[in-house]
Amino acid sequence: MKIQLSISDTIKQTCPRFTAGLVYAQVKNSLHNEFLWKEIEEEIIQIRQEYPLETINKRETILATRKVYKNLGKDPNRYRPSAEALCRRLTKGMGLYNISTLVDLINLVSIRSGYSIGGFDVDKIDGNFLTLGVGKENDLFHAIERGTLNIENLPVYRDATGPIGTPTSDEERTKLSLDTTQILIIINGYSGKEGIENAVKLTTDLLIRYACAHDIETECVRAY
């Protein structure tokens, strides 16, 4: 089932350059892939060499996401975009958690590109239509491994039931699991379209190599 994405007027006005890179695929998840983790470990070394802690939030893709947070009224230091949080963790000498192959390869794309990326189990999405808008005061959002998250004024993807993802965290309801066979990955390009195609290509390559991906479809959705 292919998911259609629309972008709200609020997001268009706040970030007219926004481009989402979408990747759909049939996949086979696994708990761990040693070859993927060799790539991740190499990337961790590169990140630590290239980006001192104080420069992480100045990476173009991360900085653009932070600016959107500020423009929407959200403190990006309290609610960090996931790519920034991951890279900060690495530069502090900590590693990445091994969650599953699908989550791990998304994290690899995220730290390499600086994009905050959502990964969703398509079979858990209510309907075939998502909207990217802004979180509301009364939105209930159970962030993965974080408990209830205040998503008011955060960019948020919604299905027919409610919110499923933000650049800070995704929702428990649609999270990836070892039983996931159909995935939707959304790469959030608040810095514009430049770099999105490369991130999409990297994502599809990793899915093919490490998650037996097939029936892959990709799409770029722009604010304008």
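The values are calculated or read from the model by the stated rules, or taken from the named source; none is laboratory data. Not measured: the values here are computed from a predicted model. All Cβ positions, glycine included, derive from the backbone under ideal geometry; neighbour counts span all protein chains shown.
Key figures for this structure:
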| item | result |
| --- | --- |
| Complete set of residues in segment 200-224 that are of a type in the set (A, V, I, L, M) and either in contact (Cβ under 8 Å) with a residue 60 or more places away in the chain or outside any helix (DSSP H, G or I) (or both) | VAL200, LEU202, LEU206, LEU207, ALA211, ALA213, ILE216, VAL221, ALA223 |
| Residues located in segment 18-34, provided they are farther than 15 Å from ALA213 by Cβ and surrounded by fewer than 19 Cβ atoms within 10 Å (Cβ to Cβ) | LEU31, HIS32, GLU34 |
| Residue match in segment 55-75 (condition: over 20 Å from THR174 (Cα atoms), free of Cβ contacts under 8 Å to residues at least 40 places away in the same chain and of a type in the set (Ser, Thr, Tyr)) | yes |
| Residue in segment 148-157 that is surrounded by 17 or more Cβ atoms within 10 Å (Cβ to Cβ), in contact (Cβ under 8 Å) with a residue 60 or more places away in the chain, within 17 Å of CYS15 (Cβ to Cβ) and aliphatic (A, V, I, L, M) present | yes |
| Residue match in segment 71-91 (condition: modelled with pLDDT of 95 or more, among the small types (Gly, Ala, Ser) and either more than 19 Å from the chain's Cα centre (by Cα) or over 28 Å from ARG17 (Cα atoms) (or both)) | yes |
| Residue satisfying condition, being in contact (Cβ under 8 Å) with a residue 24 or more places away in the chain, more than 22 Å from ILE216 (Cβ to Cβ) and polar (S, T, N, Q), within set ASN128, ASN107, ASN98, ASN138 | ASN98 |
| Boolean, GLY135 is touching a helix residue (DSSP H, G or I) at 6+ places or on another chain (Cβ under 9 Å) and on the phi > 0 side of the Ramachandran plot | no |
| Single match in GLU197, GLU145, GLU152 (criterion: at pLDDT below 95, closer than 23 Å to THR65 by Cβ and not in a strand (DSSP E or B)) | GLU145 |
| Flag if LEU176 is in contact (Cβ under 8 Å) with a residue 12 or more places away in the chain, part of a loop (DSSP other than H, G, I, E, B) and surrounded by 19 or more Cβ atoms within 10 Å (Cβ to Cβ) | yes |
| Search result, residues across segment 127-142 that are of a type in the set (Gly, Ala, Ser), part of a loop (DSSP other than H, G, I, E, B) and farther than 23 Å from ASP179 by Cβ | GLY135 |
| Filter result (β-branched (Val, Ile, Thr), under 20 Å from VAL103 (Cα atoms) and touching a residue at least 24 places away in the same chain (Cβ under 8 Å)) within segment 13-54 | VAL23, VAL27, ILE40, ILE44, ILE47 |
| Scope segment 82-122; condition among the aromatic types (Phe, Trp, Tyr), buried (at least 23 other Cβ atoms within 10 Å of the Cβ) and farther than 20 Å from PRO155 by Cβ; matching residues | none |
| Tally of residues being within 17 Å of LEU108 (Cβ to Cβ) and crowded, with 17+ Cβ neighbours inside 10 Å across segment 180-201 | 9 |
